[in-house]
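The values are calculated or read from the model by the stated rules, or taken from the named source; none is laboratory data. Since this is a predicted model, take the numbers as computed values, not measurements. Neighbour counts run over all protein chains shown; Cβ positions are idealised from the backbone, glycine included.
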């Protein structure tokens, strides 16, 4: 009878070890699967300027794998917050009219799909485009965006790589008007 009790204990212990190993394996696989899912929908925004054929263009593009959920878009001239493209023009080129200019609404609530791009500002008048290109170094645009899993990044037109942040700012006083 003692041998039977010892065998029962050994079998119970072995079953417990197998169950613990199965649980550890399941948790590990779930963690890896979650990381894979996050990577599969990872957005990656870049900003760039183009000056071609007398037309100046400032664009933002999503070269990542998932949609970018925009939480904040801010524009600064010489480090000071500006709220719209008219204020940008007034600060950088006060005597220019920006003939043949176009801009797009972009900011809180915007979604940029994978491989999508958006023209933020386009100056079609070659004289305005040349002048703007000479002062564009004073302009900085910042986008804070999140993935579907609420992981967030901030990218500046002055940086080459987005920086991971814990959350996007919620400051309506600095938000660019849509």
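Taken as a whole, the structure leaves residue 104 outside the set of residues that are under 27 Å from residue 164 (Cβ atoms) and crowded, with 18+ Cβ neighbours inside 10 Å.
Listed conditions (1) buried (at least 16 other Cβ atoms within 10 Å of the Cβ); (2) within 20 Å of residue 46 (Cα to Cα); (3) at pLDDT below 90 are all met by residue 162, apart from (3).
Comparison of 158, 131 shows that the only residue that is farther than 18 Å from residue 62 by Cβ, in the same structural domain as residue 55 (by TED's automatic domain parsing), within 18 Å of the chain's Cα centre (by Cα) and free of Cβ contacts under 8 Å to residues at least 60 places away in the same chain is 158.
As for region 23-42, it holds no residue that is surrounded by 10 or more Cβ atoms within 10 Å (Cβ to Cβ), out of contact with any strand residue (DSSP E or B) (no Cβ under 7 Å at 6 or more places or on another chain) and at pLDDT 90 or above. Applying the condition of being over 15 Å from residue 160 (Cβ atoms) and touching a strand residue (DSSP E or B) at 6+ places or on another chain (Cβ under 6 Å) to region 43-58 and asking which residue is surrounded by the fewest Cβ atoms within 10 Å (Cβ to Cβ) yields 50. So, of the residues in region 134-147 that are more than 15 Å from residue 75 (Cβ to Cβ) and surrounded by 18 or more Cβ atoms within 10 Å (Cβ to Cβ), which turns out to be nearest to the chain's Cα centre (by Cα)? So, considering only residues that are more than 15 Å from residue 75 (Cβ to Cβ) and surrounded by 18 or more Cβ atoms within 10 Å (Cβ to Cβ), the one nearest to the chain's Cα centre (by Cα) is 145.
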